[in-house]
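Here is the structure we will look at.
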Amino acid sequence: MDAFYASVEQRDRPELRGKPVIVGGDPESRAVVCAASYEARKFGVRSAISCAEAKRRCPQGIFIPPRFSAYSEASDRIMEVLMSVTDLVEPLSLDEAYLDVTQNKRNEPSATRIAQALKKEIKEKTGLTASAGVSYNKFLAKIASDLKKPDGLVVIRPEDTEKVLLPLKVEKLWGVGKKTAERLHQNRIFTVSDLRNADPKQLEKTLGSMGSFLWDLAHGRDDRAVESEWDSKSCGTETTFEKDLISIVELSDILERLAKEIAETLAENRWLALTFTLKVKYFDFKQITRSVTFSLPTDSPEEIYLHLNQLLLTKTDVGRTPIRLLGVSASGLIRETDPLQLYFSFMKGASSVRKPKGL
């Protein structure tokens, strides 16, 4: 959807149409922007910047508190339209989803015509505009959907892939946030073209499994299926040792690696988690779990490791009893683009305290 939350406000309040609408908190507070209309975006206002900064960039901006019930209601209508075409719908948030229309309920062989029809029906049922991207995999469809907003429709065919991809900045790739971008820049990788020409082994050394994933994306390869029933409850990783370990240093190093693995899994799927659980199995097969819940969701490997390592050191028998298995899992998952996450961002702006619970 195009500037979804701001567009809902403009739809419901005609006097706001054509004006710079900023959905967020009081610019005098520490709140952040949840969404901005295209009129506000012309002044450099974007989601996740502080409302104070948004006010400096766009003094005439109209600040409106978020109405998540209204956005949820609009989302329900949108999803009903999408489900009328195929059951293979993978929502990314209230206002974005992947559809696999290879086989579809309308027996329509053209994905482009399906996209045209969906845009028209969404407009008729919600009064809102949507942009669509059509391609042969999820990654390229997502890229296409962002190329001609608002109210756009872009098709990327196999023969178009290089022309579209190579000039893009690496920040446009799935899973490349600020920290990953910094690591790529340190290796003189700024564009998809640079990434494609990089040594995949060096990328994997620098970024772990994310390195090979990004290298594939740079070549237009993405074999992820549209998952209509992805398990959003939890994900995890664990390792069983060839011999029982008692060294605190060695076990902490392994825990750091597991924290990075779970963080990469979250980043690849664009999830954030509120709760992280440490699993320990001792030499005698006795097993315990210890958890920490954050005030705000995260996918930061440093944060995950810091707090789980504290649990390891203070809430287990590490260094005293041999350990045969360590595991880390994440639960309380939400999409990083989900309105709930925007709410957490909003709340984070209202308070400078970020204190994990349960330590």
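The values are calculated or read from the model by the stated rules, or taken from the named source; none is laboratory data. Given the structure is predicted, the values throughout are model-derived calculations rather than measurements. Backbone-built Cβ (ideal geometry, glycine too); neighbour counts: all protein chains shown. Accessible surface areas use protein heavy atoms only, side chains included; no ligands, DNA or RNA. Shrake-Rupley method; radii C 1.70, N 1.55, O 1.52, S 1.80 Å.
Quick rundown of the values:
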quantity	calculated
Single unsatisfied condition, Ala97 versus (1) in contact with a Lys or Arg (Cβ under 9 Å, 6 or more places away or on another chain); (2) within 27 Å of Arg11 (Cβ to Cβ); (3) not in a loop (DSSP other than H, G, I, E, B); (4) not acidic (Asp, Glu)	(1)
First in the range 1-28 and closer than 24 Å to Asp146 by Cα and free of Cβ contacts under 8 Å to residues at least 12 places away in the same chain, second anywhere and open to solvent by less than 70 Å² (accessible area, probe 1.4 Å) and of a type outside the set (Gly, Ala, Ser), Cβ under 6 Å, 6 or more apart	Arg17/Gln10
Qualifying residues in the range 312-356 (those that are modelled with pLDDT under 90 and among the aliphatic types (A, V, I, L, M)) - the one nearest to Phe4 (Cα to Cα)	Leu342
Residue ID - farthest from Asp253 (Cα to Cα), chosen from residues in the range 294-330 that are assigned to a helix (DSSP H, G or I) and of a type in the set (Val, Ile, Thr)	Thr314
Of all residues in the range 306-327 being open to solvent by 50 Å² or more (accessible area, probe 1.4 Å) and not polar (S, T, N, Q), the one that is farthest from Glu242 (Cα to Cα)	Leu306
Residue ranges of helices (runs of 4 or more DSSP H) in the range 1-79 with at least 1 members more than 26 Å from Lys142 (Cα to Cα)	4-12, 51-57
Filtered residue count, the range 13-45, keeping only those that are closer than 16 Å to Ala70 by Cα and not aliphatic (A, V, I, L, M)	4
Residue ID - modelled with the highest pLDDT, chosen from residues in the range 44-97 that are crowded, with 18+ Cβ neighbours inside 10 Å and of a type in the set (Phe, Trp, Tyr)	Phe63
Helices (runs of 4 or more DSSP H) contained entirely in the range 191-293, each with at least 2 residues that are open to solvent by 20 Å² or more (accessible area, probe 1.4 Å) and among the charged types (D, E, K, R)	192-196, 200-207, 248-268
Of all residues making up the range 294-304, the number that are buried (at least 18 other Cβ atoms within 10 Å of the Cβ) and out of contact with any strand residue (DSSP E or B) (no Cβ under 9 Å at 6 or more places or on another chain)	1
Residue pairs meeting the criteria (Cβ under 6 Å; at least 6 apart or on separate chains; first surrounded by 12 or more Cβ atoms within 10 Å (Cβ to Cβ), in the range 105-124; second in a helix (DSSP H, G or I))	Glu108/Ile114; Glu121/Val81; Ile122/Ile78; Ile122/Val81
Matching residues, the range 133-159, being part of a helix (DSSP H, G or I) and open to solvent by 30 Å² or more (accessible area, probe 1.4 Å)	Lys142, Pro158, Glu159
Residue match in the range 19-31 (condition: under 30 Å from Val134 (Cα atoms), of a type in the set (Gly, Ala, Ser) and surrounded by fewer than 18 Cβ atoms within 10 Å (Cβ to Cβ))	no
